[in-house]
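The values are calculated or read from the model by the stated rules, or taken from the named source; none is laboratory data. The shown structure was predicted, so the numbers you read here are calculated from the model rather than taken from an experiment. Reconstructed Cβ throughout: ideal geometry from the backbone, glycine too, with neighbour counts over all protein chains shown.
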Amino acid sequence: MGKSVAQKLIDSHLVSGEPVQGKEVNIRIDQTITQDATGTMAYLQFEAMGVPRVKTELSVSYVDHNTLQYGGFENADDHRFLQTLASKYGIYFSKPGNGICHQVHLERFGKPGKTMLGSDSHTPTGGGIGMLAIGAGGLDVAVALGGGPFNLVYPKVVKVDLKGKLKPWVSAKDIILELLRKMTVKGGVGKVIEYGGEGVASLSVPERATITNMGAELGATSSVFPSDEVTKEFLAAQGREADWIELKADEDARYDETIEINLSKLEPMIAKPHMPDQVCKVSEIEGMKVDQVCVGSCTNSSYRDLMLVSEVFHKGDFKVHPDVSMTISPGSKQVLDMMALNKGLSHLIEAGARILEATCGPCIGNGQSPPSGGVSLRTFNRNFEGRSGTKDGKVFLCSPEVAVAAAIYGVITDPRKLGKFPKVKAPAKFLIDDSMVVAPAKDPSKVSISRGPNIKELPKQGSLPETLKGKVLIKLGDNITTDHITPAGTWLKYRSNVPKYSESVFSQIDARFHEKAKAAGGGFVVGGENYGQGSSREHAALCPMYLGIKAIIAKSFARIHKDNLVNFGILPLTFENAADYDSIDDGDEFEMPNLRQALTGESVTVRNVTKGREIRLKHGYSPRQVETILAGGTLNYTTAAR
């Protein structure tokens, strides 16, 4: 039986384990990426392992989240720490302003056929050039930096069969929004999404990357396109044709599921607040007043995307509507340079758009928060409630085509009403300037790592006790995101200061949660479906651990967050009977006896002392994960193994 692209990538990197669905396997990691919001902690964890030099083929540390060194010394100190540590341990450092990690890595470093682990949930962007790129917690990345394999459950592979060709004013963003409509934000859990069919050849690498980037919103392990002549052309334009290899599925490859999307019949789509799968046709909600339009982020900030917006304004002699605030966030310095060279930048400025730095910025709530109750159209990947920085902001996700139409008319508008579609030709050669990527030191002994006062010691967890006791500190509903648990925005400057960052835990839901948790000596959290979706931010596990959270009991978990909880010695457990969720209230006293012995089986019993009843829970851990939990987390487990 033939293999899919995903299976070829996994099997060629297999270190141990059986390539059977549902079984845990270990794979070799070729490349890693980090960004400043998660990288500081990842590198503190790497240091704690005592490895003198990274053992990957290539590792890059990016600063793209908190590039503005505002409100004090914290961000600037962290950037200096990241640069000096990278220099000492053999990691390339991408300076603030060089661009968003996913866009820059696609342009300058990603290679077809390679594996990549990143401490950012949108790492699967690399699947746009035929990589197996997976988002993970920083501790998993630290292990990979030290030469350790990455553990994952061998996934199902879903083929998305693309038929036909996109019509004018319909783009790659509409493809992934349509898939989110079909599969939902939980539909990709335990799966790799692989794109095939005749429609693939009509999509450029930046368009493919838009699709694989937002595969993270499906909950998928990764998303991948084949590496073909289109990939080769893109790499050649980047001066990297030697990095190309052909990678395609065998003709007799079998898939666990096939979803067909007819590109010829697709029309402009939009995701309504407050979830990326709340998708409808733009034509269904036309006329809604718009207050803000933001184009950019790691999803839609390529040269193609931004030049398209610029050309719409220029060719139609349009301006930004007087009632709309519009911003542009380029994905990289390369994009910004080429926009300036081709007058795209001046056309945007003349139209009334504001040009921001090549950074994540508004996507994570760092600037450009919409007005109270305002409607914001964004070409971003997430529209979770409050993520924009405005609690009651109404954030819609859309393509650059839909965004520019709204910016012009001041209301949500089908872009097909703009007339003739302005085609943007991909450059035969991109401008190559890697001067803002700093190579590691040749002699690491001469490098001293700089540590500011905001960089605190890494919190540690003891081994798992025989019995866990405590109160249910909070009961939550479905789709609790990592932004609910530890918000981004201005809180991110405390990313290397866990005691301070822990004050943010569930602050959007209960501002006093951290005080209650400390007063109670820790306890339990109860959640609904898809607990922990969203960012790979391991602080959403690390900060609760610091507050003494012992276990999270939910109906289901998002993959990365569940792994992060195990990494930090918190038990993620699911109900055997989902109806038991309804029997629990805030403040109930819980007790889990004989826990170490129970984990050798498949289920755990929790006694609700308050209600006088027992609840059966499943853990679903692999033998390695059981050992990790018993040790108190991955750092303890890895250090002991050494």
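Residues that are modelled with pLDDT of 95 or more and small (Gly, Ala, Ser) within the stretch 394-433 comprise Ser399, Ala403, Ala405, Ala406, Ala407, Gly410, listed in sequence order.
Going by the structure shown, is Ala249 surrounded by fewer than 24 Cβ atoms within 10 Å (Cβ to Cβ), at pLDDT 95 or above and either aliphatic (A, V, I, L, M) or touching a Leu at 6+ places or on another chain (Cβ under 8 Å) (or both)?
Details: surrounded by fewer than 24 Cβ atoms within 10 Å (Cβ to Cβ): yes; at pLDDT 95 or above: yes; either aliphatic (A, V, I, L, M) or touching a Leu at 6+ places or on another chain (Cβ under 8 Å) (or both): yes.
Judged against the criteria, Ala249 is a match.
Take the conditions (1) surrounded by fewer than 13 Cβ atoms within 10 Å (Cβ to Cβ); (2) touching a residue at least 60 places away in the same chain (Cβ under 8 Å); (3) at negative phi; (4) not basic (Lys, Arg); Asn594 misses just one of them, which is (3). Here the condition is being within 31 Å of the chain's Cα centre (by Cα), in the same structural domain as Asn636 (by TED's automatic domain parsing), touching a residue at least 24 places away in the same chain (Cβ under 8 Å) and part of a helix (DSSP H, G or I); of Asp580, Asp563, it holds for Asp563 alone. With respect to the conditions (1) buried (at least 22 other Cβ atoms within 10 Å of the Cβ); (2) within 16 Å of Gly219 (Cα to Cα); (3) in contact with a Gly (Cβ under 9 Å, 6 or more places away or on another chain); (4) touching a residue at least 40 places away in the same chain (Cβ under 8 Å), Leu177 lacks only one, and its number is (3).
Which ones in the stretch 181-205 are in a helix (DSSP H, G or I), surrounded by fewer than 24 Cβ atoms within 10 Å (Cβ to Cβ) and touching a residue at least 60 places away in the same chain (Cβ under 8 Å)? Even if it seems obvious, please write down each step before you answer.
Initial filter on the stretch 181-205 (in a helix (DSSP H, G or I)): 181-183, 198-202, 205.
Now restrict to residues that are surrounded by fewer than 24 Cβ atoms within 10 Å (Cβ to Cβ): 181-183, 198-202.
Of everything in the stretch 181-205, those that are in a helix (DSSP H, G or I), surrounded by fewer than 24 Cβ atoms within 10 Å (Cβ to Cβ) and touching a residue at least 60 places away in the same chain (Cβ under 8 Å) turn out to be Arg181, Lys182, Met183, Gly199, Ser202.
Would you say Thr56 is outside the structural domain of Cys360 (by TED's automatic domain parsing), within 28 Å of Leu356 (Cβ to Cβ) and not aliphatic (A, V, I, L, M)?
Values: outside the structural domain of Cys360 (by TED's automatic domain parsing): yes; within 28 Å of Leu356 (Cβ to Cβ): no; not aliphatic (A, V, I, L, M): yes.
It is false that Thr56 is outside the structural domain of Cys360 (by TED's automatic domain parsing), within 28 Å of Leu356 (Cβ to Cβ) and not aliphatic (A, V, I, L, M).
The residue list Ser463, Ser496 contains one member that is of a type in the set (S, T, N, Q) and within 26 Å of the chain's Cα centre (by Cα), which is Ser496. The residue of the stretch 18-49 that is surrounded by the most Cβ atoms within 10 Å (Cβ to Cβ), among those that are modelled with pLDDT of 95 or more and in a loop (DSSP other than H, G, I, E, B), is Ile29.
Of the residues that make up the stretch 374-389, is at least one in a helix (DSSP H, G or I) and either out of contact with any helix residue (DSSP H, G or I) (no Cβ under 7 Å at 6 or more places or on another chain) or more than 28 Å from Asn66 (Cα to Cα) (or both)? No, the stretch 374-389 contains no residue that is in a helix (DSSP H, G or I) and either out of contact with any helix residue (DSSP H, G or I) (no Cβ under 7 Å at 6 or more places or on another chain) or more than 28 Å from Asn66 (Cα to Cα) (or both). Tallying residues that are within 33 Å of the chain's Cα centre (by Cα), part of a strand (DSSP E or B) and more than 26 Å from Gly462 (Cβ to Cβ) within the stretch 584-618 yields 1.
The set of residues in the stretch 172-219 being in contact with an Asp or Glu (Cβ under 7 Å, 6 or more places away or on another chain) and polar (S, T, N, Q) consists of Thr184 alone.
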